[in-house]
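Novice: The structure's right below; bear with me while I get my questions together.
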Amino acid sequence: MKAGALIAIALTLLACSRKPEGQGQPAPSGTDGLSYAVDARWDPDSQTGLFQMQLHAARPSEVFYEIKDRDGRVLADAAYRADSVVRTYPEHLQDIRPWTAETPELYTLHLLVNGHESVFPVGFRSILPTQSRDTFLVNGRKVPFKGADFHAAGRSQALEELVRLKRLNVNALNTAPLTPELAALADSIGFYVYPQRDTLGKPDPESRALKQQRQELSIRAENLQEGLFTVTNHRRFTSLADYQVRWRVERDGKPVGLFPRRALHFDTPPQAEETFRISLPRCKETGEYRLLFEAVSRKDKGAVLATAEFQLQESPKEPAPQAGGMLGVTEGDTRLVIRGKEVEMVFDRAEGSVKSLKIKGKEYLEGGLAPASSTQAQCSYLVQEGGVVLQAQYALPDGSRSTARFTLRPDGILKVESPAFAFRLSAGQGPWTCFGREPDSHAHAPFKTVREVKDGTDYYTDTSWLDTGLFTVTGTAPFRFCRQASRLEIVPEDAFTLLPGKKPKQATTYLY
């Protein structure tokens, strides 16, 4: 019989039964007309392992088995003669280390059938369903199954994919059929397995938010100013001893001076928490300071398994200096032309959109700036010291109305207050960079940082500034945006400011 035949049975979770389950169903027929199933259970009450086999022999067979631990010590052995269906006597084994996805402890079954020897891994476990579809009693403790669909062709691809899923905090697999090779890999790496489809749904394992929801370690701030935090161990069976928690402070996505990355170590027991304190640097300069935690695995080559992020300080920005000069307005049938010494902006009152914005003759909004969901507007304007304010009331597709304000300064800086909907504009070919988070579908870095903006249909989130090469966009609060070639769609939290020809350091110094 091939080694995988038993392993395929070893991982099957019979979740529909109220009886404690270990491993086993009848396996396919093997060599010499013998098939067999292994039942290796863990009894949480007596803290012992139960081992039993059921043999199906097509002709008389001599069967001998041994169970050994990792040190080669024989825990049980027996010999049987089988000529039909034989169930072996149960072996009650002491000092067994039970199998879980957190502690994938395996023993070795040596099986001799009519002189032919085979070797199989065996894990002792007990699994019972609960009222929750995604939570089970594993060895007497409630364990949430955090699953993902699994498909892989070939052992090397399956191994690579399982290691990746483990780093994404997945502990259960949806897969069908359950092949012997996959069962063996899942047992050795540490996964609960459902041998049927659609039990846990089909989550995207690349999602940053989903990975964070699955984290087995979390950190919360008790007193951020004093550097007081609490770490919580969400595991059911193991402490945090195999984690190293690193932390650092960044300002606008860059490390603060020479302040080093520090490491913390915890032995927090399962389902427990402990408080700790760190010494934080002083936030002297203007900028957005963030404290970043990374919990890395000591076993898996430093793989990052959990993260936490806290904003320490965003230094107050100074009021922007007054721009010199005055602006005048020329009215046409539907358009307003606003001119100053160096700036010219064309505004369409019927659409409530900017058609052109030039500074010293250079066009910065070729293609315009317009609301993403409206083509009709009623507009008014007011010329005042320091600029022109245009107010547009839009008719939205659902029949409601919403208002936006455009404030143009004499230096060409344009502020758009639009809490209700998005705006689209032309932003040039780039290269584009931003300080924010990349879309979930990318999910290469867990933290907010300075990154290159790729063309696509996904939204970058929690953005403090965006540099398109032509201009920089900042927000009174973090905003979302999407890039499609040279087109930009901005979804502001409250308002955004367009700073033509300015780089991020200039754009973020003042409050506009």
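Just so you know, all these numbers are worked out from the coordinates, no wet-lab data involved. Quantities reported herein were computed from a predicted structural model and do not represent experimental measurements. A quick note on method: Cβ atoms are made from the backbone with ideal geometry, for glycine too, and the neighbour counts reach across all protein chains shown.
Novice: For residue 226 and residue 87, calculate 0.36 nm times their separation in residues minus their Cα-Cα distance, and state this gained length in nm to one decimal.
Specialist: 43.6 nm
Novice: Please tell me the relative contact order of the chain in percent, rounded to the nearest whole number, where contacts are Cα pairs under 8 Å and at least six residues apart.
Specialist: Answer for the chain is 8 percent.
Novice: What stretch of the chain, leaving out the sites themselves, is the longest with no GluC sites (Glu not before Pro) in a DSSP loop having at most 12 other Cβ atoms within 10 Å?
Specialist: It runs 1-225.
Novice: Do you know the relative contact order of the stretch 371-428, to the nearest whole percent, from alpha carbon pairs under 8 angstrom that are 6+ apart?
Specialist: 30 percent
Novice: A further question on this structure: How would you rank 89, 107, 36, going from fewest to most other Cβ atoms within 10 Å of each one's own Cβ?
Specialist: Lowest count first: 89, 107, 36.
Novice: Using 0.36 nm per residue of separation minus the Cα-Cα distance, give me the extension gain between residue 244 and residue 108 in nm, one decimal.
Specialist: Stretched out fully, the residue 244 to residue 108 stretch lengthens by 45.8 nm.
Novice: For residue 273 and residue 95, what is the calculated FRET efficiency with R₀ set at 25 Å and r taken between the beta-carbons, to the nearest 0.05?
Specialist: The pair residue 273/residue 95 has a calculated efficiency of 0.25.
Novice: Which of the pairs 146/211; 146/299; 284/317; 358/454; 360/505; 415/502 have their Cα atoms more than 18 Å apart in this structure?
Specialist: Where the Cα-Cα span goes over 18 Å, the pairs concerned are 146/299; 358/454; 360/505.
Novice: Out of the stretch 310-374, which trypsin sites (Lys or Arg not before Pro) are coil in DSSP terms and have no more than 12 other C-beta atoms within 10 Å?
Specialist: 341, 360
Novice: How high is the relative contact order of the stretch 375-512? Use alpha-carbon pairs under 8 Å, at least six apart in sequence, and give a whole percent.
Specialist: Once divided by the residue count of the stretch 375-512, the mean separation gives 21 percent.
Novice: In what order do 356, 239 fall by count of nearby beta-carbon atoms within 10 Å, going from fewest to most?
Specialist: Arranged by neighbour count, lowest to highest, 356, 239 become 239, 356.
Novice: Expressed as a whole number of Å, what is the distance separating the alpha-carbon centroids of the stretch 267-327 and the stretch 111-157?
Specialist: Taking the Cα centre of the stretch 267-327 as reference, the centre of the stretch 111-157 is 39 Å away.
Novice: Quote the charge dipole size of the chain about the Cα centre in Debye, to the nearest 20; the model charges only the Cβ of Lys and Arg (+1) and of Asp and Glu (-1).
Specialist: 1000 debye
Novice: Moving on. On C-alpha positions alone, give me the angle between the axis of helix 180-189 and the longest principal axis of the chain, in degrees, nearest 10.
Specialist: 70 degrees
Novice: If you take the beta carbon distance between residue 142 and residue 163 as r and set R0 to 25 Å, what does 1/(1 + (r/R0)^6) give as a FRET efficiency, to the nearest 0.05?
Specialist: The formula returns an efficiency of 0.40 here.
Novice: Same structure, new question: Which order do 92, 56, 110 fall in if you start with the one that has the fewest other Cβ atoms within 10 Å?
Specialist: Ordered from fewest to most neighbouring Cβ atoms within 10 Å, 92, 56, 110 come out as 92, 110, 56.
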